[in-house]
Amino acid sequence: GRVYRRFGDNQKALEYFNQAQAIQRQTGNRTQEAETLDDIGLAYAAEGQFEKALAYHRQAAEIQHSVGNVRREAVALNNAGEAYLHLGQPSKAWECFNQALTMLRSVSDLSNVALALRGLARVEQQQNNLKDAHKFITESLTAIETVRSRASSLQMRASYRALAEKSYELYIDVLMQEHGRNPAQGFDAEALQASERGRARSLLERLNEARIDIRQGVDASLIEKEQDLSRVLNAKAQREMQLKARKGSSEEISTLQREIRALEGEYQQVQAAIRKSSPQYAALTQPQPLDLKGIQQQLDPNTLLLEYSLGEERSYMWVVSRDSLKTYILPKREAVESVAHRLVDSLA
């Protein structure tokens, strides 16, 4: 069912989810039944049937609550929040995201914490509370970067790319709306830097997918140590989440947290050593994007930089010269891509 949903064949997905649910009811597996109900809700949401989706997400959350599965209850609440957003009920969406956030923080599930925070940012943005939207989406990106740094392989990091791209897109949109209200506060330059940071974070994963070796000439022992630390960090973070979810020993949780803090410190030291000994490799794996002034210093007097950011509701373009920055609002991604495809087809 999940594979068919990934392929976009939601009707086929629903057939398999319904079969799974029937078996789970027979065997009395309430936790798995609730997960399947949540999956059914996601399939209906993908079809634009948000009322139906909401009913399944709420039912899933209720069952998970009854069996004491805090993490999966919070995941279902996140999904319900998304449905409420699409149904134009921001106050109910806020309740779901906020409740989910508290629960997810209690079990240290940072990936889903990032989703809940992004949901809260979207609610605030819809209600024109841009300052709060800015705060929540910034926290969401911090959580994403923490998860990414703990990922033990480039493949695992790539799996967070879609989440990161959507969060950067929302961050840029909020910043540019703030710029519209306060043009002299530098939000346009901050949005440009966010765009650069989002692109930089995607580059390594895309290079990895293309199977390009970027490690030539790099100190192999440092890379191996970095990867080993990532693996251990990820394993301990997963263990912490599991212990919290089943209300494990507070002493063991505290010990794990101390170990994680120590490992993160060691990880940062190794990254600093890599930056010092292998600046080219570090530039890709630990990108430090230029700010507006840094970009302008790279331009000669006869060159403009045009940078685009496409979004679901609207898109943006920054025009950078050696001594100026101008921004423009463009149509949403779908409209821009449609024109681009028509142009490519006509040229071909």
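With the simple spin-label model, which puts each label point 7 Å out from Cα in the Cβ direction, the Leu347 to Gln238 separation comes to 4.4 nm. Computed packing ranks the peptides 126-138, 268-280 as 126-138, 268-280, most packed first, by mean other Cβ atoms within 10 Å. From the coordinates of this entry, Rg and Dmax of the Cα atoms in Å is computed, and it appears in (i) 25.5, 91; (ii) 30.6, 101; (iii) 22.4, 73 under the label (iii).
Here segment 9-26 and segment 275-324 have alpha carbon centers that stand 47 Å from each other. Segment Ala46..Gln32, full-extension length gain: 2.9 nm, with 0.36 nm per residue of separation and the alpha-carbon distance subtracted. Of all lysines in the structure, those lying under 29 Å Cα to Cα from Lys225, and not within fewer than 8 positions of it along the same chain, are Lys236, Lys244, Lys276.
All distinct Cα pairs of segment 16-75 go into the 1/r average, and the inverse of that average, the Kirkwood radius, is 11.3 Å. Largest first, the residues Lys293, Lys244 sort by 1.4 Å accessible area into Lys293, Lys244. Counting only lysines at least 8 places from Lys92 when in the same chain, those with an alpha carbon closer than 23 Å to its own are Lys52, Lys131, Lys135, Lys166. When Thr102, Thr255 are compared by accessible area of protein heavy atoms, the largest-first order is Thr102, Thr255, using a 1.4 Å probe. Highest mean packing first, where packing is the average number of other Cβ atoms within 10 Å per residue, the peptides 24-37, 47-60 line up as 47-60, 24-37. Helix-only arithmetic for the chain: the sum of -39500 (n - 2.57) across DSSP H runs with n ≥ 4, divided by the residue total, places the mean residue ellipticity at 222 nm at -25000 deg cm²/dmol.
The stretch between Arg25 and Ser277, if pulled fully straight at 0.36 nm per residue, gains 84.9 nm over its current Cα-Cα span. Summary of packing: across the peptides 70-76, 191-197, the per-residue average of other C-beta atoms within 10 Å ranks them, highest first, as 70-76, 191-197. Within the accessible surface of the chain, defined with a 1.4 Å probe on protein heavy atoms only, the carbon and sulfur portion equals 49 percent. Summed over the residues of the chain and divided among them, the accessible surface reaches 54 Å² per residue at a probe radius of 1.4 Å.
Please say if segment 1-125 is rounded, prolate or oblate, where rounded means a/c under 1.5 for a ≥ b ≥ c the square roots of the C-alpha gyration tensor eigenvalues, and otherwise the choice is prolate for a/b larger than b/c and oblate otherwise? Since a/c reaches 1.5 but b/c is at least a/b, the shape of segment 1-125 is classed as oblate. Taking all protein chains together and a 1.4 Å probe, the residues Phe17, Phe187 rank Phe187, Phe17 from largest to smallest accessible area. To the nearest Å, what is the center-to-center distance of segment 35-75 and segment 78-143, using C-alpha atoms only? Computed from Cα coordinates, the inter-centre distance equals 17 Å.
The values are calculated or read from the model by the stated rules, or taken from the named source; none is laboratory data. Predicted model only: the values in this text are computed from it and were never measured. So basically every Cβ, Gly included, is an ideal-geometry build from the backbone, and we count neighbours across all protein chains shown. Surface areas here come from the heavy atoms of the whole protein model, side chains and all, with no ligands, DNA or RNA. Shrake-Rupley method; radii C 1.70, N 1.55, O 1.52, S 1.80 Å.
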